[in-house]
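Structure first, commentary second.
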Amino acid sequence: MGRLKLQLPVPFEELMQRHQREIMRYLVRVSGDREDAADLFQETWLRAYRAYPRLEAEREARPWLYAIATNLCRNRARDNARRARVVVPDREELPAADAIRKDHRFDHENEGYAAVHIRELISDLPTKQQQALHLRYFAGLGYTEIAVAIDCSEDSARANVSQAVKKLKAKW
């Protein structure tokens, strides 16, 4: 008879030290705002800490953490959209990037404008495609991990990334 190997989870502090930088980078990229990202970062780790005792020993922690962060980003975006319908911002309060016309073609030699332009193009993508693109190219997750993080099949994760890239190339 084969021996069952007892799998003990990694201590939470070690898990946090291992993944905190990449989770924060992901949140900054997705939210586009350091203060929002810091709030989301704290909430991600708080929820992870509370749910950690229930994490199955054989489950990968990295996609699980990205799933928590992604869900919090979705919630924040949905809440902001609700607030935006109620509160109309003053045009002077908008950041310079938002004031730039969306159909303007940027000079690709200027990295600042190119970065703003790519952010605008990504923000125009459907939510699942945005998330899949961020997780693939900015967080470096594989398609299996992306599928876990955004709660879809691996084929769907691959299709979302592919469609997002095609749309970005067409608009660039």
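Here, each number is a calculation from the coordinates, and none is a lab measurement. This structure is a prediction, so every number in the text was calculated from the model and none was measured. Every residue, glycine among them, receives a Cβ derived from its backbone with ideal geometry; neighbour counts consider all protein chains shown.
The distance between label points at Arg50 and Tyr137 comes to 3.5 nm (points 7 Å beyond Cα on the Cα→Cβ vector). The slack between Tyr113 and Thr127, meaning 0.36 nm per residue of separation minus the straight C-alpha distance, is 2.7 nm. With a simple spin-label model that places each label point 7 Å from the Cα along the Cα-to-Cβ direction, the separation between Arg82 and Val10 comes to 3.5 nm.
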